[in-house]
1. Could you list, bin by bin from short to long, the percent of Cα-Cα pairs of segment 197-264 in 10 Å steps?
2. Relative contact order for segment 139-278 using alpha-carbon pairs under 8 Å, separation at least 6, rounded to a whole percent?
3. Quick one: Karplus J couplings for segment 143-157, per residue in order, coefficients 6.51, -1.76, 1.60, θ = phi - 60°, nearest Hz, x for Gly and Pro?
4. Quote the relative contact order of segment 88-214 in percent (integer), defining contacts as alpha-carbon pairs under 8 Å separated by 6+ residues.
5. Calculate the FRET efficiency for THR4 and ALA82 from the Cβ-Cβ distance with a Förster distance of 22 Å, rounded to the nearest 0.05.
6. Kindly write out, for segment 200-217 in residue order, the coupling ³J(HN,Hα) from the Karplus curve 6.51 cos²θ - 1.76 cosθ + 1.60 (θ = phi - 60°), rounded to whole Hz, with x marking Gly and Pro.
7. Tell me, what ³J(HN,Hα) does each residue in segment 255-260 have, in order and in whole Hz, if you take phi through Karplus 6.51 cos²θ - 1.76 cosθ + 1.60 with θ = phi - 60° and put x for Gly and Pro?
8. Over the Cα atoms, compute the radius of gyration (one decimal) and Dmax (the largest Cα-Cα distance, rounded to a whole number) for segment 89-211, in Å.
Amino acid sequence: MLTTFDMDALRTVVVGTDLGSFARAAVQLGRSQSAVSMHLKKLEQQTGTVLFRRSGRGLVPTEAGDAFIAYARRIIALNDEAALSMGVAATTASVRLGVPQDFFDDVMPATLSAFSNEYDAVHVDIRAGENHSLAEDVRTGRLDAAIAFFGAGSPGEGETLCRLPMRWLSTADTLATLRSDPVPLVLFNHPCLFRQAALAALDKSRMRWRPALTTPSLPAVWSALRSGLGIAVRTDHARPEDIVSAGRECGLPELPAIELRLLRRPDIAPVADRLAEILRQETLGRVTAGSGRQQPDALCAAPAHARQA
């Protein structure tokens, strides 16, 4: 006789894995930690194998656990799809979306608004992971869909939506007094495509640089630029009005373009696929429409001509 897995236990496994903590999963699911432990124990008894092993104070999936979690995601997605289609959802279906911080003020709210007009009983989990992790999260099923930056022309998955030029950005006052020996940089945490592009361009031009501030937060980047700490590299999308692009007279090297791609998990459920399609439409409408935005250039007091020794 085939084993029938408990849906609540499957949700516990998936949520605990996604949160990286079964204690946090207990809080989110409204269950006691003992109930969560019973779910894990029951699934291991049913599968006849160890699904999780202890690592420090937490649990991490074994190889068998990773395989089981992938099936659990598919089972939950099909269950929720059937419940929604029949109008008998006993629990709120959930879809998971990844969006870089650059799109939190326009693309994300427009996407959620359009989606909620079609589905009013679906929980959307928005994650602003670091760009390099978004593709991996979609690939492993931790996210249903995402938009993410990729190097222009680089191999990899996803549908290319547009190419955007990278810009050297700062305030007009900072650029007007910039003394680039070395160039003060406001950087995202490593790894970061914008960080890599900035350093590669400066190194190729044999220009010296120094890290002025490093952060995983885009608002922190804008704050650092307003504080006069240096210059950063980003696209013009979501650039605040008081942040400007560096003019050619600043002597900074040219930067490459960067691609924005839409990623969908291979076995995406129809409701999540619809969210991904809305995300695609809103991104194309809002990001590409703004790509022709006039860029005010700031003047530099002196050319950046310092060379790497």
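Readers should treat all values here as calculations from the given coordinates under stated rules, not as data from a laboratory. These numbers were taken from a predicted model, which means no experiment stands behind them. A quick note on method: Cβ atoms are made from the backbone with ideal geometry, for glycine too, and the neighbour counts reach across all protein chains shown.
1. Whole-percent P(r) values from 0 Å outward: 15, 48, 32, 5, 0.
2. Working: 232 pairs, mean separation 65.4, N = 140.
This gives 47 percent for segment 139-278.
3. Each residue's phi maps through the Karplus curve to give 10, 7, 7, 6, 10, 8, 7, 9, x, 4, x, 6, x, x, 7 Hz.
4. In percent, rounded to a whole number, it is 23.
5. My answer for the efficiency is 0.90.
6. Karplus values, whole Hz, x for Gly and Pro: 5, 5, 5, 5, 5, 7, 6, 9, 6, 8, 9, x, 8, 7, 10, 7, x, 10.
7. 10, x, 7, 10, 9, 10
8. Gyration radius and largest Cα-Cα distance of segment 89-211: 18.7, 63 Å.
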